[in-house]
Amino acid sequence: VLFSQAPRMFAQSSRNPASPVLLLVLLGCVLCPPAQASKSSEDIRCKCICPPYRNISGHIYNKNVSQKDCNCLHVVEPMPVPGNDVEAYCLLCECKYEERSTTTIKVIIIIYLSVVGALLLYMAFLVLVDPLIRKTDPYTQPLHNEEDSEDTRSLAAMPAPAGARANTVLERVEGAQQRWKRQVQEQRKTVFDRHKMLS
Amino acid sequence: MDQKGYRRGSFQSATSDEDMLEIAGASMDFSMADDDPPLDREMGGFPTYNGGGMNGTSTMMDFLEEPLPGVGTYEDFNTIDWVREKSRDRDRHREITNRSKESTWALLHSVSDAFSGWLLMLLIGLLAGSLAGLIDISAHWMTDLKEGVCLAGFWFNHEHCCWKSNTTFTGRDKCPEWKSWSQLILGHGEGAFAYILNYFMYVIWALMFSLLAVLLVKSFAPYACGSGIPEIKTILSGFIIRGYLGKWTLVIKTITLVLAVSSGLSLGKEGPLVHVACCCGNILCHLFTKYRKNEAKRREVLSAAAAAGVSVAFGAPIGGVLFSLEEVSYYFPLKTLWRSFFAALVAAFTLRSINPFGNSRLVLFYVEFHMPWHLLELVPFILLGIFGGLWGAFFIRSNIAWCRRRKTTRLGKYPVLEVFVVTAITAILAFPNEYTRMSTSELISELFNDCGILDSSQLCEYVNDFNSTKGDDLPDRAAGPGVYTAMWQLALALIMKVFITIFTFGMKVPSGLFIPSMAVGAIAGRLLGVAVEQLAFYHHDWPIFSGWCSQGADCITPGLYAMVGAAACLGGVTRMTVSLVVIMFELTGGLEYIVPLMAAAMTSKWVADAIGREGIYDAHIRLNGYPFLEAKEEFSHKTRAMDVMRPRKNDPPLTVITQDSMTVEDVETIVTKTTYSGYPVVVSRASQRLVGFVLRRDLIISIENARKKQDGIVSTSVICFTDYCPPLPPSSPSVLKLRSILDLSPFTVTDETPMEIVVDIFRKLGLRQCLVTHNGKLLGIITKKDVLKHIAQMANQDPNSILFN
């Protein structure tokens, strides 16, 4: 439900002075998980790949060492060649230090999937459920121009709360959503029907 | 400066870019379009309009202090007035500086005003970098989802899944935690049935992703499709497209970009990343008054945001700034250069700290070799440049023809079906060939890679002679059978990519062009590189090779050829020059390869320019009819202003408003009957001496407001545009003073002015219209649309294709 309110919040927040705060909070939420991701021990490694050498087959060595210890001598254990050949063998090996943050990956994928899921649900809601709700409510017919919304406000005859605002929060949200829907309709006409923009 | 008129309560702000006027195309009737706030709302403390009975002079300060809501804003699909915006900003700045001497608070206000630009750049960089990190990680994961799933945690892609496990040298890509779909469903991964099942799952996933993308675009934000760069170019030249850089467009573009890239379509994410970054820039502008209210300042911020977008796409901050300067921006003041660089750096740094690719690199295909090249290799590099130019010209022609067909015929009526069919064709053709099955970025990365001992891919299957290997430096070797297989597979991949990209770019999903062109170039380059390498190996005794490429030396690097080919093809399509070379050399991290890159880029640009003048983005601008006045072309015809101005010889005379003899009703009639966006104001109809210019929107808003708010303004009230209005008999209704909305310094040229100068004036000053006088009397008007139509006519193109106002 939070995410289905989010588009309404978005539509409304362009005139809400709290919107900068909202954006900064969102920014913080996006940035915090990666920034605070602590490096667990399973997220760093030193990987050494050694090709076949004489009669020794190729092998890959992984070890959990720090960056300064990431070289052939520390990582390749047990050393397959005798002492005087170690240098020649190690010249062939390529060692690389890698690190990653599994927390970041997990958080980002989950955020992404939840946003996609929320959008899908909202799309299903708009396509299937919304027309049914609109049809049964006589005061909130599908609005096509601004005059209707003012009529509905006068028709609804809600008691005006203090502050001389004749519309409650719910109606403001409704109005914002109707305006957004109209905008999307106009955009759709421009792009898809009239092909006036974006070929 | 507290502009009370702009404070909003519950209704929408007329200056917010998310709200759109009804797009009637031209006319705006008197039942107010819903973007303007209804003027009968209560606005506590709204000062009375400085008109009515007062006879005071209205100074510029009065104009700024008490503007009506809506005056000074623009309708959708109109061009801004650069001169007005810039002068407003200067006035605002002057006022803040003057006030800063009064109190400490005002001083702090002026300091914070100066600092706000930098803070905004910081925020843009952070947001753009984070979104780019999100896009990279999600796209990487979803691309691999088509092939299998990781049992150790479904959020890992193939590479991260196999990170922890001990892999063998020969089977470096396989690990037990990663299961392909056939392994998951059937239990084993071998056999014909498993292959068919993998194939089937791949196609199904690709179709699901692309269908979801196009449905999301269609339902929530139709402006999120396409590349975005042509429209951003137009916006930065002064055009207004409301909603194009809004919140919904941002969200949908980010989400559907990942879906489109993961579905295996032949498109990239660099162009849409520029759009995403500009959306971030536009949204964050709303936090700062200085940028929210001024369209010209906002466009400076958008230029910087575009630089940040390219910077995260390629890991190239300098290249990003140059791309913004060369390709995207129209006016690029020097102050913007430093700020764009700052934003690009912050964005690159944020992306690096998110570390999407696990090796502190920002781009998947970072190149790390530094092999030298020989001067004789310039010949194949120039050949690659010619190929790039030819391919670029071919691509632009065919893509524009296809997009035009989509625009005008029935093909355009089925966008969802079109995406479905193209994805199906791409997926079905892509799976059998290993090089098209992998994501395009991985393909480019593999092609750029120089083969070392440790590479196990098919492309690096050379005949190794282990006894003669000394350390890591491999000589040129004969190609093994793996290389030959890879060659013909790559050739097939090249053909497929060349043709499928034509139909993919411009579809109704976010689609970029950089990666597919680089892939085409990289494949061509690598093919040529391997061919030259084998030629040098087998014929090392030829005179051209014997000097520098003796047997056992490592002289030819096919990876370098791939890089040069990628640069050539990208340059041929986009016609970038400096920014392309800088992006490529920032990708490679070294200055050694600048000369080959420049040679290829220059050759490809010359060849492509010889065939067709425009790059892909300019061609799309022209296709869509955006009112973009090209700043790079010279206007070289000998026409004069009187040939272009309106009204022409047989047209009715110019519609003017007199300075103090027209009533409200007369003006309303004029405004309803005509659809012009502004009217010149003259002293009288007989003398036609120019006083100024008034915009249609300002006129409508002021008259509406005066009728509602001021006493005594009726249809027969006289409108007066001067300081001192003529005295009227006491029984007549009060005078409506509209001097504050009159622009007293419209630009004029004489009718004999050559059109070269007029076009230059329009370009350099960013005008919307220019008045034409003859012997001091007003004769006609030239608008930007007239100029564009004239240029099109002179170039033998269709002048009616300029659609917007």
Notebook entry, point to check: Looking at (1) in a helix (DSSP H, G or I); (2) modelled with pLDDT under 90, can you tell me which one B:His540 breaks?
Noted result: (1)
Next item on the list: Just give me the residues in region B:194-209 being within 14 Å of chain A (Cβ to nearest Cβ) and either farther than 19 Å from B:Val421 by Cβ or open to solvent by less than 30 Å² (accessible area, probe 1.4 Å) (or both), in sequence order.
Entry: B:Phe209
Margin query: Please verify whether B:Met576 is open to solvent by less than 20 Å² (accessible area, probe 1.4 Å) and assigned to a loop (DSSP other than H, G, I, E, B), treating the condition exactly as stated.
Written below: yes
Note to self: Based on this model, can you work out whether A:Lys68 counts as among the basic types (Lys, Arg) and free of Cβ contacts under 8 Å to residues at least 12 places away in the same chain?
What the structure shows: yes
Check: For region B:337-391, what are the residues that are more than 14 Å from chain A (Cβ to nearest Cβ), aromatic (Phe, Trp, Tyr) and either without any contact (Cβ under 8 Å) to a residue 40 or more places away in the chain or closer than 25 Å to A:Arg45 by Cβ (or both)?
Finding: B:Trp338, B:Phe341, B:Phe365
Check: Looking at (1) modelled with pLDDT of 80 or more; (2) under 17 Å from B:Gly452 (Cβ atoms); (3) among the hydroxyl-bearing types (Ser, Thr, Tyr), which is the only condition A:Tyr53 fails?
Finding: (1)
Next item on the list: For B:Leu417, state whether it is of a type outside the set (Gly, Ala, Ser), more than 19 Å from B:Ala568 (Cα to Cα) and at pLDDT below 85.
Entry: no
Next item on the list: Residues being of a type outside the set (Gly, Ala, Ser) and in contact with a Lys or Arg (Cβ under 8 Å, 6 or more places away or on another chain): count how many of those fall in region B:561-602.
Entry: 3
Note to self: Given (1) at the interface with chain B (Cβ under 8 Å from one of its Cβ atoms); (2) part of a helix (DSSP H, G or I), identify the lone condition not met by A:Leu113.
What the structure shows: (1)
Check: Counting only residues that are farther than 20 Å from B:Asn78 by Cα and not in a helix (DSSP H, G or I), which one in region B:287-318 is modelled with the lowest pLDDT?
Finding: B:Gly315
Checklist line | Hits in region B:614-645 - residues which are of a type in the set (S, T, N, Q) and in contact with a strand residue (DSSP E or B) (Cβ under 9 Å, 6 or more places away or on another chain) | finding: B:Thr639
Check: So is B:Arg697 open to solvent by 40 Å² or more (accessible area, probe 1.4 Å) and closer than 23 Å to B:Asp743 by Cα or not?
Finding: no
Next item on the list: Look at A:Leu155 and say whether it is at pLDDT below 90 and in a helix (DSSP H, G or I).
Entry: yes
Check: Of B:Gly228, B:Gly264, B:Gly238, B:Gly268, which residue is of a type outside the set (A, V, I, L, M, F, W, C), in contact with a His (Cβ under 6 Å, 6 or more places away or on another chain) and surrounded by 23 or more Cβ atoms within 10 Å (Cβ to Cβ)?
Finding: B:Gly228
Margin query: So in region A:64-78, with the set limited to residues that are closer than 20 Å to B:Asn166 by Cβ and of a type in the set (D, E, K, R), which one is surrounded by the most Cβ atoms within 10 Å (Cβ to Cβ)?
Written below: A:Asp69
Check: Within region B:170-193, can you find the residues that are among the polar types (S, T, N, Q) and either loosely packed, with under 15 Cβ neighbours inside 10 Å or part of a loop (DSSP other than H, G, I, E, B) (or both)?
Finding: B:Thr170
Check: Say we look at region B:129-169 and pick out the residues that are facing another protein chain (nearest Cβ under 8 Å), in a loop (DSSP other than H, G, I, E, B) and closer than 30 Å to A:Gly58 by Cα; which of these is most open to solvent (accessible area, probe 1.4 Å)?
Finding: B:Asn166
Next item on the list: Identify all residues within region B:486-499 that are open to solvent by 30 Å² or more (accessible area, probe 1.4 Å) and either of a type in the set (Gly, Ala, Ser) or modelled with pLDDT under 90 (or both); write none if there are none.
Entry: B:Ala491
Margin query: Given the criteria modelled with pLDDT of 95 or more, open to solvent by less than 10 Å² (accessible area, probe 1.4 Å), touching a helix residue (DSSP H, G or I) at 6+ places or on another chain (Cβ under 9 Å) and within 30 Å of B:Gly228 (Cβ to Cβ), does B:Ala568 qualify?
Written below: yes
Margin query: Here are the criteria: (1) in a helix (DSSP H, G or I); (2) of a type outside the set (A, V, I, L, M, F, W, C); (3) exposed (fewer than 15 other Cβ atoms within 10 Å of the Cβ); (4) touching a helix residue (DSSP H, G or I) at 6+ places or on another chain (Cβ under 8 Å). Tell me which single one B:Lys101 does not satisfy.
Written below: (1)
Notebook entry, point to check: Got a number for residues in region A:180-199 being under 20 Å from A:Met123 (Cβ atoms), open to solvent by 20 Å² or more (accessible area, probe 1.4 Å) and facing chain B (nearest Cβ under 7 Å)?
Noted result: 3
Notebook entry, point to check: How many residues, within region B:105-128, are away from every other protein chain (no Cβ under 12 Å), open to solvent by less than 10 Å² (accessible area, probe 1.4 Å) and of a type outside the set (Gly, Ala, Ser)?
Noted result: 1
Next item on the list: Can you confirm whether region B:783-792 contains a residue that is open to solvent by 10 Å² or more (accessible area, probe 1.4 Å), charged (D, E, K, R) and out of contact with any helix residue (DSSP H, G or I) (no Cβ under 9 Å at 6 or more places or on another chain)?
Entry: yes
Next item on the list: Determine which single condition A:Val81 fails, assuming it passes every other condition in (1) away from chain B (no Cβ under 13 Å); (2) open to solvent by 30 Å² or more (accessible area, probe 1.4 Å).
Entry: (2)
Next item on the list: Kindly state which strands (runs of 3 or more DSSP E) lie completely within region B:627-727 and contain at least 1 residues that are within 34 Å of the chain's Cα centre (by Cα), modelled with pLDDT of 90 or more and among the hydrophobic types (A, V, I, L, M, F, W, C).
Entry: B:690-695
Next item on the list: Considering every residue within region B:750-771, establish whether at least one is under 22 Å from B:Val683 (Cα atoms), buried (at least 18 other Cβ atoms within 10 Å of the Cβ) and β-branched (Val, Ile, Thr).
Entry: no
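The values are calculated or read from the model by the stated rules, or taken from the named source; none is laboratory data. What you see is a predicted model, and the numbers here were worked out from it, not measured in a lab. Because the Cβ atoms are built from the backbone with ideal geometry, glycine has one as well, and the counts that use them run over all protein chains shown. Just so you know, the surface numbers come from the protein's heavy atoms only, side chains and all, with ligands and any DNA or RNA stripped out. Shrake-Rupley method; radii C 1.70, N 1.55, O 1.52, S 1.80 Å.
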